[in-house]
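Working notes, structure below.
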Amino acid sequence: MESWQAIAALMIFCCVIGLVMTEWLHLTIAAMLGALLLVFLNILTLDEAIGYIAKSHSTIVLFFGVMVMVRAFQPTHVFDYLATQMVLLAKGKGSRLLLGIVAITTPICAMLPNATTVMLLAPLIPPLAAEIGVDFVPLLILMVFVANSAGLLTLVGDPATFIVGTSINMSFTDYLQKLSLGGAIAVMVVIATLPFLFKKIWRTELASLDNLPRPEINHPRMLIVGSFIVLLVLIFFVVGEALPVPVSPATVALLGAVLCLMLAHHSKIDSINNILRDVDWSTLLFFMSIFVLIGGLQKTGVVSSASIALAFLLGKNVALGSIVLLFTVGLLSSVVPNIPLVVAMVPLLKEYIVNAGFVGKEILAPGFEGQLPAEVLPLFYAMMFGATLGGNGTLVGASSNIVAAGISEQYGKPISFQRFLYYGLPTMGLQLVVLAGYVSIAFLRG
């Protein structure tokens, strides 16, 4: 591919990130404009751009399905009711509320993709914050930190973790034995920051809970049937791909959405048009555009060139390479959503270990099912940790961040890039330093 196209693709990508960081344009508009420029300059054809979106269709369909399910339950006021119960359990203390968010989010994110968990739980936060008298934006940001960190507890907890893990043919059990401790450490780092980063909420305490509103559940029959649908969806999220006829999470989410739409229509609690109108289309369009931008970098050879440069800089020093990768990918993941980043980084890293002479070219084959040498695995572990935890750095670093921003905007308080950075930068920095120590001790000794 001609060099001008590679330079143009890289400049367009950097400009989009710059526009998002400065908030000169809304992130969705910036991403769409960048994607369309690639097509307008014929760096990608329209068919190729659509093809890159299609390759990541499962992520987009999953988000759409869960958004529809969450919106379908709004007329029941179940989220307001659950928020009140959380405040009562916390006895009005901000510290207990923060720890409660950690306690609820962590186990769910161990089994469900973190963006899915944020979609399910984030609607609880604004009414909860209103009842205790605090700003809901920091609470949403905390939920994102916990969701991204807890995604490292299992192979399926984060899409980035799953992509990297499957690329090296790692099983669910192997992951638990080798890497889950890293996820637990990442969550503990978040807990340690609560009294400092969230000190205003940590010190909040309601003198009396008597004046709290007591919302009641509406349409209980619809809620019972809907809860059964959600339970089936959650079960199939976990076991669907292990069935004799595999069912992907995206398919399950879409089926759940259709069933919830059918339930809302027949129970007459809301119209289909209202539910679909309130879907966060802005977030979905942002992800589609980002996938196109990454596709432009792949097609023009930017990704391949980076792998050659990596091999030249690192040589065969796996220990150095692992630490460099952890911080480099972590910093990149803070400005590039981690799903498309790891999609681009996995082939880059595989090409690097081939160019460095660790393995033969057979590992580059799409159907490769063998095991990589143990000596190169720390590189992939470090990339996994960096990509996932780097997502805590900025507003655009992870899919769950974008989802939370969309929900916050729907409740009238957009999360600015700078405000997220205030919480995200110290959290990400501390987590990367601590996990670098963990990788060094657990995988690089001797």
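The values are calculated or read from the model by the stated rules, or taken from the named source; none is laboratory data. These numbers were taken from a predicted model, which means no experiment stands behind them. Quick reminder, even Gly has a Cβ in these numbers, built from the backbone with ideal geometry, and neighbours come from all protein chains shown.
What the table shows:
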| read-out | value |
| --- | --- |
| Subset of region 29-58 that is among the polar types (S, T, N, Q) and closer than 14 Å to GLN5 by Cβ - its residue that is surrounded by the most Cβ atoms within 10 Å (Cβ to Cβ) | THR45 |
| Test result for ILE125, within 22 Å of VAL233 (Cβ to Cβ), touching a residue at least 12 places away in the same chain (Cβ under 8 Å) and surrounded by fewer than 22 Cβ atoms within 10 Å (Cβ to Cβ) | no |
| Residues of region 291-309 classified as at pLDDT 85 or above, of a type in the set (Val, Ile, Thr) and closer than 14 Å to LEU36 by Cα, total | 1 |
| Residues satisfying the stated conditions in region 246-298, i.e. farther than 27 Å from ASN338 by Cβ, among the hydrophobic types (A, V, I, L, M, F, W, C) and surrounded by fewer than 16 Cβ atoms within 10 Å (Cβ to Cβ) | VAL258, MET262, ILE272, LEU276 |
| Selection within region 395-426 - surrounded by 24 or more Cβ atoms within 10 Å (Cβ to Cβ) and of a type in the set (S, T, N, Q) | SER399, SER400, ASN401 |
| Selection status of GLY330, touching a helix residue (DSSP H, G or I) at 6+ places or on another chain (Cβ under 6 Å), within 20 Å of ALA6 (Cα to Cα) and at pLDDT 85 or above | no |
